[in-house]
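Here's the structure we're looking at; comments come further down.
Laboratory data are not the source of any read-out in this text; all were calculated from the coordinates shown. What you see is a predicted model, and the numbers here were worked out from it, not measured in a lab. Here the Cβ positions follow ideal geometry from the backbone for every residue, glycine too, while neighbour counts run over all protein chains shown.
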Amino acid sequence: MQTFLIYGANGYTGELIARFAADRGLKPILAGRNAKKVEEVATAHGFEFRVFSLEETAKLDEVLGEVGFVLHCAGPFSLTSQRMVEACLRNGKHYLDITGEISVFEEMAARDAQAKAEGIMIMSGVGFDVVPSDCLAKHLKDRLPSATNLTLTFYGLGKISHGTQATMTMNLGKGGAIRENGAIKSVPAAYKTKEIDLGAKKMKAVTIPWGDVSTAFYSTGIPNIEVFTVLPESNIAMLRLSRYLGWLMSLESFKNFAIRQIPSGGPSDEEREKGKTYLWGEASDADGNVVKAEQIGMEGYTMTALTALKIAEKILDGNFCPGFQTPAKCYGADLILEIEGIERIDSE
């Protein structure tokens with residue numbers, strides 16, 4: 001059976017994916033820079049492991065010769081993805097990652113021709129960002145082929161890991177982003193807000209530069225895209241304040257200090273089991289036609305492990321699409337429904 005590499009297995013999400021892989025009978029090779037932690041995770045599951053940094057090109061190429069593809073889990077991906085995807089292109093290996101960064105998606109999209117020439121697939125965002133939302137976007141587009149506007153809203157990420165917080169910190173001071181007339185447009189942080197009815201209470205959702213601002217365009221062709229998340233009023237106030245403190249937050253010294261304050265780890269197993277995620281999507285066209293749908297699923301990190309490994313299993317079975325791909329573009333809107341426990345509800 002062909003195997004694959006999980007790079008960044010020493011991180012919270014990489015370790016969780018490795019654990020789920022063992023439960024599914026998969027045999028990935030684990031790798032990362034932290035020898036002690038990588039060995040610890042590998043030994044717990046009976047996996048082979050390798051220790052190297054992405055700067056060790058010869059060792060990276062050697063390890064890629066042992067596998068069919070890479071599931072890259074070492075963020076922030078704006079700093080790590082370029083070396084890994086270049087190695088995959090150099091060695092003719094498929095590339096997956098779990099990023100949510102718009103800049104990384106766009107960089108990967110620019111490598112489409114290279115990937116096709118090598119006969120490999122490049123697919124970023126195989127986790128919570130962006131598999132469930134990408135599938136919801138494609139589902140709405142399939143229901144309304146004339147759609148010109150797409151709005152996605154999510155809620156329920158819960159506690160976030162050190163790696164996710166570090167990535168968010170790296171992007172401090174950059175403001176927000178939407179897609180307008182087919183192009184990604186920079187906008188102020190907390191550019192728009194709207195009220196979400198959660199039944200027992202109502203909360204505000206605010207626009208954020210989520211990965212779908214990039215990927216949903218490639219999956220659906222819809223030219224106008226906004227992504228919202230539900231946040232407490234205090235968080236929204238902080239986002240608005242960042243409009244005026246962006247210069248400070250953009251300083252490397254400030255970011256490095258902030259990253260050092262982030263606690264290690266992520267949600268416990270108990271916290272993940274209790275968690276849920278909610279997604280709402282709406283697509284409309286120039287004639288006023290509107291379609292809506294919502295999805296309910298498990299906690300975000302659990303979903304990341306499940307969706308990443310679902311796609312990994314498809315590649316192991318020879319099911320892939322050469323070139324730059326998004327999850328729904330290659331595998332269709334119902335990919336997310338292959339994950340047990342996901343519920344999707346249509347409404348008009």
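General observations
- Full-stretch length increase - residue 345, residue 146 - with 0.36 nm per residue and alpha-carbon distance subtracted: 69.6 nm
- Of 141/310; 204/276; 36/310; 37/329; 36/276, pairs whose Cα-Cα distance is over 26 Å: 36/310; 37/329; 36/276
- Near residue 187, the amide H atoms lying under 5 Å from its own belong to 176, 177, 178; only residues 5 or more places off or on other chains count, and H is placed 1.01 Å from N.
- Sites residue 233 and residue 79, calculated FRET efficiency, Cβ-Cβ separation with R0 41 Å, nearest 0.05: 0.80
- Against the main long axis of the alpha-carbon atoms of the chain, helix 233-249 sits at an angle near 70°.
- Contact order normalised by residue count of segment 46-161, Cα under 8 Å, 6+ apart, percent: 20
- A simple count of charges around residue 129, restricted to other residues whose Cβ falls under 10 Å of its Cβ and scoring Lys, Arg +1 and Asp, Glu -1, yields -3.
- Sites listed here are GluC sites (Glu not before Pro) in segment 298-341 whose DSSP assignment is loop and whose Cβ has at most 14 other Cβ atoms within 10 Å: 340.
- Loop-located GluC sites (Glu not before Pro) in segment 60-156 (DSSP state other than H, G, I, E, B) with a sparse environment of at most 15 neighbouring Cβ atoms within 10 Å: 66.
- Cysteines in the chain that, by Cβ-Cβ distance, have no pairing candidate under 4.7 Å: 73, 88, 135
- Full-extension gain in nm, residue 114 to residue 19, via 0.36 nm per residue minus C-alpha separation: 30.9 nm
- Computed from the Cβ-Cβ distance with R0 of 25 Å, the FRET efficiency linking residue 194 to residue 287 stands at 0.65.
- Measuring against 27 Å, Cα to Cα, the residue pairs 116/138; 93/274; 59/93 contain 93/274 as the ones spanning a longer distance.
- Fewest neighbouring Cβ atoms within 10 Å first, the residues 330, 88, 73 line up as 330, 88, 73.
- In a DSSP loop and with at most 16 other Cβ atoms within 10 Å, the trypsin sites (Lys or Arg not before Pro) in segment 1-97 are 24, 33.
- Among 224, 289, 91, the largest mean-square fluctuation in a Gaussian network model of the chain, built with springs joining Cα atoms closer than 10 Å, belongs to 289.
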